[in-house]
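The structure under discussion appears below in the form of structure tokens.
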Amino acid sequence: MSSVQQAAKRAYSRTRPYPQNKTRILSELEELVKHYNYIFLFDLHELSSRILHEYRYRLRGRAVIKVAKHNLMRLALRRVYGEVPPEVDKELFGERAYIFTNENPALFVRIVEANAVRRKARGGDVAPYDIIAPAGPTNLSPGPILSKFGKLKIPTRVQEGKIWIAKDSPVVKAGQQITDEIADILRVLGVEPIYEKLRLLGIIWRGSRFVSIEEVSIDVKKYTEMVQQAAAAARNLALNVVYPTPEVLSAVIPAAHMRAVALAVKLGIVSKETLPALLARASAEAAALAAVIAPKVPDLGIQVAQQSQVQQAEQKAEGEKKEEKAEEGEKGPSEEDIASGLASLF
């Protein structure tokens, strides 16, 4: 083996000490890795420093945002966890930074979304809602910019040496792309229609694995519907198998009681619950019997009379307030007729 090959196989050994700045950053990263279970990676590409500083302020007390070289992060992870898994190592590249937190990851994703920062529109942005140029004065002096207002069909007038917008004017609809001209007008009007949030990429989960952000992003509405459907299915199953819980028993016992009373009435069993139904049935049967016998045996003197219930219902529906005498019909006798009919039979 040549001396060159031997030199190539020789392990690299750093002779000079690490720069003091790198040593300090590495120490900070190591402490953060020790104290926080979850490390979110987010995209720095085209992210303005204003948005980053605003998030640092809004997440204070919940998370720490850190921009650092990925090799230093690898070294910090090795010092704390002993190794860097390949699935984590391959994510440490490019324009990416870190958020250290102990918040529930699914909840933290929602926190980041809820704290989106407003900014001015740029050409190529998509309007999140219908953007309106508000009526009223602007701080703009008359000049070439009036042609831009005219091109966008925004009515203006010059008053007190300033440009006034005559009325609220739609500039771009939700979902449409914002052009450079529209962005210029919105910028001079001070309108900030775009909500920008940190673009989360994934999580280093306790130093052991990498989890993509899609796996922890939860659609609250969808999961709420799923839980409601599961609860309804569980309740139906519990009712079908009569599982003895307070919710099931409160529905099953009244239904069972009603069925028991109906069965007892059918069998003619006399009790406090069945007596009203039995008497009503007996009364109806007696009335039916009297109605059949009366025309066949007139000598018995059985009279069957009934008020016309149909006519009364029609009068009530029409809103008539006058009371009218009920006509005799064929729908069943009154209580007095039933009593007299039974008396004549015996």
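Pairwise inverse Cα distances across the stretch 15-70, averaged and inverted, put the Kirkwood hydrodynamic radius at 13.2 Å. Seen from every direction in turn and averaged, the convex hull around the alpha carbons of the stretch 125-194 projects onto 4.1 nm². So what is the diffusion coefficient of the stretch 9-157 in µm² per second by Stokes-Einstein at 37 °C and 0.692 mPa s, using a Kirkwood Rh over Cα pairs? In µm²/s, the coefficient rounds to 167.
Residue 95 contributes an accessible area of around 100 Å² to the protein surface, as traced by a 1.4 Å probe with all chains present.
Simple spin-label estimate for residue 234 and residue 89 gives 4.5 nm between the two label positions (7 Å along the Cα-to-Cβ direction from each Cα).
Counting only heavy atoms of the protein chains and using a 1.4 Å probe, residue 196 has close to 20 Å² of accessible surface. Share of carbon and sulfur in the accessible area of the stretch 43-186 stands at 49%, probe radius 1.4 Å.
Over all other residues within a Cβ to Cβ distance under 15 Å of residue 277, the charged ones net out to +2, with Lys and Arg as +1 and Asp and Glu as -1.
For the listed peptides 41-53, 106-118, a ranking on the average number of other beta carbons within 10 Å per residue, highest first, reads 106-118, 41-53.
Across the cross-link table entries 120/197; 34/66; 66/197; 197/221, which are compared at the Cα atoms, the separations over 18 Å belong to 197/221.
Ordered by solvent-accessible area of protein heavy atoms (1.4 Å probe), largest first, the residues 272, 296, 34, 197 come out as 272, 296, 34, 197.
The values are calculated or read from the model by the stated rules, or taken from the named source; none is laboratory data. All figures in this text were calculated on a predicted structure; none of them were measured in a lab. Note: ideal-geometry Cβ built from the backbone for every residue, glycine included; neighbour counts use all protein chains shown. For accessibility, only protein heavy atoms count, side chains too; no ligands or nucleic acids. Shrake-Rupley method; radii C 1.70, N 1.55, O 1.52, S 1.80 Å.
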